[in-house]
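The structure under discussion appears below in the form of structure tokens.
What follows is calculated from the coordinates using simple rules that are stated; it is not laboratory data. Note that the coordinates shown come from a computational prediction; the quantities given were computed from them, not determined experimentally. Every residue, glycine among them, receives a Cβ derived from its backbone with ideal geometry; neighbour counts consider all protein chains shown.
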Amino acid sequence: EAGVAQSPRYKIIEKRQSVAFWCNPISGHATLYWYQQILGQGPKLLIQFQNNGVVDDSQLPKDRFSAERLKGVDSTLKIQPAKLEDSAVYLCASSLDIGGTDTQYFGPGTRLTVL
Amino acid sequence: KNEVEQSPQNLTAQEGEFITINCSYSVGISALHWLQQHPGGGIVSLFMLSSGKKKHGRLIATINIQEKHSSLHITASHPRDSAVYICAVKTGNQFYFGTGTSLTVIP
């Protein structure tokens with residue numbers, strides 16, 4: 001079974017530029033999560049989708065971050081414009097059930113460096 | 001104060017030792033996850049608990065809902081167990097993560 005795919009694996013941009021990350025969850029998984037993990041810290045949930053609807057985006061900085069999962073399968077996370085403090089690993093995860101109590105499967109992450 | 005606290009933050013053990021990592025949380029939860037993150041690697045979900053105890057190989061996870069506490073045990077530790085172990089809890093639609101316990105197992 002293929003795992004959660006993310007691209008790119010690494011991205012370096014200058015502040016005020018825009019960047020987009022892509023995630024393809026495990027086939028059939030209804031729930032998709034985007035996390036931000038700053039070096040030395042635990043992951044922070046940014047947004048949770050159930051199929052193509054948003055379940056929770058309370059910690060998403062909506063002035064610069066946006067995410068979509070239009071067809072309920074793959075998802076993109078965008079930052080526009082980026083700030084230095086956005087440097088982090090962006091993790092995508094998916095789970096089979098909609099309650100969030102099922103095992104989450106994580107992708108390899110995208111390491112973003114903002115200069 | 002963080003909703004999830006882990007201890008210790010760093011742990012060094014000799015190969016073969018029995019290891020315990022603790023997680024305490026302050027919110028009502030529907031599930032608790034133990035995750036493993038290798039340096040430069042992705043995150044692997046080890047356990048999802050809502051009550052009692054689970055065992056997988058040399059790993060054992062327990063949870064006490066009344067005390068809002070969970071432990072992850074590693075028996076007969078091995079250098080390949082060296083990683084960061086993260087405790088995460090789900091309450092409502094929100095997930096809260098601990099900052100992780102960095103484990104180094106020395107041969």
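Karplus-based coupling profile of segment A:37-42, in residue order and whole Hz: 10, 7, 3, x, 10, x, with θ = phi - 60° in 6.51 cos²θ - 1.76 cosθ + 1.60 and x standing for Gly or Pro.
Here chain B is treated as an ellipsoid with the same Cα gyration tensor; its semi-axes, largest first and in whole Å, are 23, 14, 12. Taking the DSSP bridge list for segment A:1-112 and keeping only pairs wholly inside it, about 95 percent are antiparallel.
When every Cα-Cα distance of segment A:73-115 is counted in 10 angstrom steps from zero, the calculated P(r) takes the values 23, 43, 26, 8 percent.
Each of A:ALA67, A:PHE106, A:GLN50 was placed along the dipole of chain A (beta-carbon charges, centred on the mean Cα), and the one lying farthest toward the positive end is A:ALA67.
Note on A:LEU115 and A:ASN51: with the Förster distance fixed at 30 Å, the Cβ-Cβ geometry gives a FRET efficiency of about 0.25. Distance between the C-alpha centres of segment B:73-102 and segment B:1-47: 2 Å, rounded to the whole angstrom.
Checking the cross-link pairs A:LYS44/B:LYS68; A:LYS15/A:LYS71; A:LYS71/B:LYS54; A:LYS11/B:LYS90; A:LYS78/B:LYS68; A:LYS44/A:LYS83 against a 25 Å limit on the alpha carbon distance flags A:LYS15/A:LYS71; A:LYS71/B:LYS54; A:LYS11/B:LYS90; A:LYS78/B:LYS68 as lying beyond it. Relative contact order of segment A:27-115: 30 percent, from C-alpha pairs under 8 Å at least 6 residues apart in sequence.
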